[in-house]
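Undergrad: Below you'll find the structure I mean.
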Amino acid sequence: MESSSASAADPVYASPVARSQDFLESPEKHLAPEVLRVENLRKEYVTGRGRLILFEDVSFRVEQGDLLAIVGESGAGKSTLLHILGALDSPTSGDIYFASTLLKFTSPRQAATFRNREVGYVWQFHYLLPEFTAQENVAMPLLARGEPRKSAMQKAEEWLHEVELGDRADHRSGELSGGEQQRVSLARALITQPKVLLADEPTGDLDGRTAGVVFSLLERLHHSHGLTSLIVTHNTALAGRCRRVLRLDKGRISEETPRVV
């Protein structure tokens, strides 16, 4: 693992040394259950034809324990919004508060530290490293922050049991089914005990039955571990199982009542 002398140009998975407080501005007291607050978020791109506004005036709150779906047409900006919330991208303007504290990053390394310590990610594609076992893949975020290998591997084994893959710890990703690969990626996202879980179409590459199984597992872990989860999905049936639903449409966001399908 690298030392604290590493530069901001180091890879995102370099061992982080700064704690979250180092890049959070002075706390602003707010309601206790608030985990995320978005105020007047705007994202635009400059193209050869001028400015393209993906979304603007996006404001909402996420409370502790929320299971929240973000829905909308393809190209509406759902994934971009999720990336901004997780410090993978930056808004053109607007503010994001994490635990009632304004997020401000002064370097890519600080943003990477925030991601590693505070946020868990699950993507549509699992992004497992093919040369490593399932257990090693799950342990990777802990190893990246400098945790001893023995401890990281033990926790990875426990999380594989949590996602009902304890007997697949020594298998590489190519030896797992699509549903199993996504369960490994879920364990990898949660091993750091993040405050927020962000999932971008986590069942998008799975067949209907397997998607239901994976989503049921996500629901169970959400409740049993007291998670706060934001899920981008095109699946209306899965969105209907969430506590809240936000719709991003024509650059604006609105909340709608979950519909059980």
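The values are calculated or read from the model by the stated rules, or taken from the named source; none is laboratory data. For clarity, every value in this text was computed on a predicted model and none was experimentally measured. When we count neighbours, we look across all protein chains shown, and the Cβ atoms used for this are built from the backbone with ideal geometry, even at glycine.
Undergrad: What tally of residues in the stretch 47-65 results from selecting those that are more than 13 Å from residue 253 (Cβ to Cβ) and buried (at least 21 other Cβ atoms within 10 Å of the Cβ)?
TA: Number satisfying all stated conditions: 0.
Undergrad: Could you give every pair whose Cβ atoms fall below 9 Å, whose first residue belongs to the stretch 242-261 and is more than 24 Å from residue 42 (Cα to Cα) and among the hydrophobic types (A, V, I, L, M, F, W, C), and whose second residue is assigned to a strand (DSSP E or B) and at pLDDT 90 or above, counting only separations of at least 6 or pairs across chains?
TA: 242/67; 242/68; 242/69; 242/229; 242/231
Undergrad: Could you tell me how many of the residues in the stretch 109-140 are of a type in the set (Val, Ile, Thr) and more than 22 Å from residue 87 (Cα to Cα)?
TA: The number of residues fulfilling the criteria is 1.
Undergrad: Then there's this: Quick check on this structure: which one of 216, 254 is hydroxyl-bearing (Ser, Thr, Tyr), assigned to a strand (DSSP E or B) and surrounded by fewer than 18 Cβ atoms within 10 Å (Cβ to Cβ)?
TA: None of the other options fit; the residue is 254.
Undergrad: Contact list please: Cβ distance under 7 Å, first residue in the stretch 74-92 and in contact (Cβ under 8 Å) with a residue 40 or more places away in the chain and of a type in the set (A, V, I, L, M), second residue surrounded by fewer than 17 Cβ atoms within 10 Å (Cβ to Cβ) and not in a loop (DSSP other than H, G, I, E, B), pairs at least six apart or on different chains.
TA: 76/249
Undergrad: May I ask you to list pairs of residues, at least six apart or on different chains, whose Cβ atoms are under 6 Å apart, with the first in the stretch 135-150 being without any contact (Cβ under 8 Å) to a residue 60 or more places away in the chain and the second being part of a loop (DSSP other than H, G, I, E, B) and surrounded by fewer than 17 Cβ atoms within 10 Å (Cβ to Cβ)?
TA: Filtered contacts from the stretch 135-150: 137/129.
Undergrad: Scanning for something at pLDDT 95 or above, within 25 Å of residue 116 (Cβ to Cβ) and in a helix (DSSP H, G or I), does the stretch 190-206 turn up at least one residue?
TA: Yes, there is a match, as at least one residue in the stretch 190-206 is at pLDDT 95 or above, within 25 Å of residue 116 (Cβ to Cβ) and in a helix (DSSP H, G or I).
Undergrad: Here is a follow-up. Return the residues of the stretch 85-141 that are surrounded by 15 or more Cβ atoms within 10 Å (Cβ to Cβ), at positive phi and assigned to a loop (DSSP other than H, G, I, E, B); say none if nothing qualifies.
TA: Within the stretch 85-141, 87, 99, 100 qualify.
Undergrad: Could you say whether any residue in the stretch 167-187 is touching a Pro at 6+ places or on another chain (Cβ under 8 Å), without any contact (Cβ under 8 Å) to a residue 60 or more places away in the chain and assigned to a helix (DSSP H, G or I)?
TA: Checked the stretch 167-187: at least one residue is touching a Pro at 6+ places or on another chain (Cβ under 8 Å), without any contact (Cβ under 8 Å) to a residue 60 or more places away in the chain and assigned to a helix (DSSP H, G or I).
Undergrad: Only residues in the stretch 202-216 that are of a type in the set (Ser, Thr, Tyr) count as the first member; pair them with residues that are not in a loop (DSSP other than H, G, I, E, B), Cβ under 6 angstrom, at least 6 apart or cross-chain, and list the lot.
TA: 203/211; 203/214; 203/215; 210/179
Undergrad: Which one of these does residue 53 not meet: (1) outside any strand (DSSP E or B); (2) touching a Gly at 6+ places or on another chain (Cβ under 9 Å)?
TA: Of everything listed in (1) outside any strand (DSSP E or B); (2) touching a Gly at 6+ places or on another chain (Cβ under 9 Å), residue 53 misses just condition (1).
Undergrad: If I filter the stretch 95-107 down to residues being in contact with a helix residue (DSSP H, G or I) (Cβ under 9 Å, 6 or more places away or on another chain) and of a type in the set (Gly, Ala, Ser), which single residue comes out as farthest from residue 37 (Cα to Cα)?
TA: 107
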